[in-house]
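Worksheet: one structure, shown below.
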Amino acid sequence: MTELRISAESRDLTRIERIGAHSHIRGLGLDSSLEPRVVSEGMVGQTSARKAAGVILQMIKEGKIAGRAVLIAGQPGTGKTAIAMGMAKSLGLETPFAMVAGSELFSLEMSKTEALKQVFRKAIGVRIKEEAEVIEGEVVEVQIDRPAVAGAASKTGKLTLKTTEMETIYDMGAKMIEALSKEKVQSGDVIAIDKASGKITKLGRSFTRSRDYDAMGPQTKFVQCPDGELQKRKEVVHCVTLHEIDVINSRTQGFLALFTGDTGEIRSEVRERVDEKVMEWRDEGKADIVPGVLFIDEVHMLDIECFSFLNRALENEMAPILVVATNRGITTIRGTDYKSPHGIPLDLLDRLLIITTQPYTEDEICRIIDIRCQEEDVEVSEEARHLLTKIGADTSLRYAINLITSAALACQKRKGSVVELRDVHRVYTLFLDVKRSTQFLMEYQSQYMFNEPAEEEEQEEPSAMIS
């Protein structure tokens, strides 16, 4: 059988964080007994839904749930996506989490079932174990010799490492110096260097430098200085997804295909070969399969063909936990003339554990607005906060949250530092909510293009023609 290729670099991508709609979510906000805290980890309210999600999460971590599906159902703006994001954060980076909106499947240049297969396999992880030669020790000194004339020669240097039993000086080339600079390695750090790839991993700060705690900050991780030899054989674990292995083995350019974006359709023969090899590694103890979580938002946008695929896919032994969300009531199943709760066929609905979310109270809306103001670094006066809360209760939470940034810009324009009542009032008059927009449309509908005439106008036209 042809050897499968796996690159450890596939996970080494730079993460770019930005302020998004759910960037304040850090977890589900549960204590050790899975009881939801009132406000914790960015989550507010929805105590019963969060507790149910916590139970599901615990079963995932213990490996007691597989091939199951969870439906989060509720009105728009009641925290369905926030709960799914909280589950992803609580699982950590080791557990794969893939997210897709139902409408996305119809805009991709591949079949719907192929798109679903790809996101399914993105949610299944493979933890591959192998032994590697590593150099592990505490950094004593980093000495870099820069050339006197720019461009005359590459930078060189020396790296001094020590354990509790020995100390050695290593010569460094330009690549090693660049890797040290990238990891911001300095004297007192405990690092591990993979001899084969030259990859440097910062393990933490040596306990001998614990007096620098105040200077380093509370996030600093302190570790013991390694003992024994500097060079040793260690078990290294690489975490990749089945989809990443599929892509690497279906393209001639190897793992670089992961960066092209256009993976295209992957042949079933490639997937079968990958599955066989992964099962072989598992039987030999070289790898573990980690079923992750696949979150499909707007699940009502899927059609009957997609639902049939999901029903079959959930029966696979390597299937991830499927979490779907919808804000629809009893509606038509796409691709049929039949109506069903949430627009989901009854045979799939029967497989689902259903979690419901409730509308937020005014007090919960106020707390969410406080969290969003902190996340967006916007200082808001007490009166402005009360007005935003009232707007959120009367219109929608999403509309109120959108006004925070707009009000902050209005405040900046008048050279202010704190968002006040007049800033919120100004943006409230500039940007309409759904209710006011509908009223405006009803008032001026006759002036819009392709406007359907009212029934009274349709009845008047024939009578006018007769006269």
(message) What pairs come out if I take residues in the stretch 263-277 that are assigned to a loop (DSSP other than H, G, I, E, B) and pair them with residues that are modelled with pLDDT of 85 or more and charged (D, E, K, R) whose C-beta lies under 6 Å away, six or more apart or interchain?
(response) GLU265/GLU114; ILE266/ASP246
(request) With respect to GLY45, determine if the residue is without any contact (Cβ under 8 Å) to a residue 40 or more places away in the chain, of a type outside the set (A, V, I, L, M, F, W, C), outside the structural domain of ILE401 (by the TED database) and surrounded by 19 or more Cβ atoms within 10 Å (Cβ to Cβ). (result) no
(request) Considering each residue of the stretch 396-433, count those that are more than 23 Å from TYR360 (Cβ to Cβ) and not in a helix (DSSP H, G or I), and give that number. (result) 6
(message) Pairs please, first residue from the stretch 96-111 and assigned to a strand (DSSP E or B), second anywhere and of a type in the set (Phe, Trp, Tyr) and surrounded by 15 or more Cβ atoms within 10 Å (Cβ to Cβ), Cβ atoms under 6 Å, 6+ apart in sequence or on different chains.
(response) MET99/PHE295
(message) If I go through the stretch 369-423 residue by residue, how many of them are touching a Ser or Thr at 6+ places or on another chain (Cβ under 8 Å) and more than 23 Å from VAL39 (Cα to Cα)?
(response) 5
(request) Among the residues of the stretch 153-207, write down those that are surrounded by fewer than 17 Cβ atoms within 10 Å (Cβ to Cβ), within 13 Å of VAL140 (Cα to Cα) and of a type in the set (Asp, Glu). (result) GLU167
(message) Out of GLY63, GLY27, I need the residue that is modelled with pLDDT under 85 and open to solvent by less than 10 Å² (accessible area, probe 1.4 Å). Which one?
(response) GLY27
(request) Pull up the stretch 224-253, narrow it to residues that are under 29 Å from the mean Cα position of the chain (by Cα) and over 17 Å from VAL270 (Cα atoms), then point me to the one that is modelled with the highest pLDDT. (result) CYS239
(message) Only one of ILE60, ILE72 is touching a Lys or Arg at 6+ places or on another chain (Cβ under 8 Å) and not small (Gly, Ala, Ser). Can you tell me which?
(response) ILE72
(request) Test ALA123 against the criterion of being under 23 Å from LYS286 (Cα atoms), of a type in the set (Gly, Ala, Ser) and either at pLDDT 85 or above or touching a helix residue (DSSP H, G or I) at 6+ places or on another chain (Cβ under 9 Å) (or both), and give yes or no. (result) yes
(message) Checking ALA150 against (1) open to solvent by 60 Å² or more (accessible area, probe 1.4 Å); (2) closer than 26 Å to GLU235 by Cα; (3) at pLDDT below 80: exactly one of these is not met. Which one?
(response) (2)
(request) Only residues that are over 29 Å from the mean Cα position of the chain (by Cα) and of a type in the set (Ser, Thr, Tyr): list them for the stretch 397-435, please. (result) SER417, TYR428, THR429
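The values are calculated or read from the model by the stated rules, or taken from the named source; none is laboratory data. Here the structure is a predicted model, which is why all the values come from computation and not from measurement. Backbone-built Cβ (ideal geometry, glycine too); neighbour counts: all protein chains shown. Each accessible area value is taken on the protein alone, full model and side chains, heavy atoms only, with ligands, DNA and RNA left out. Shrake-Rupley method; radii C 1.70, N 1.55, O 1.52, S 1.80 Å.
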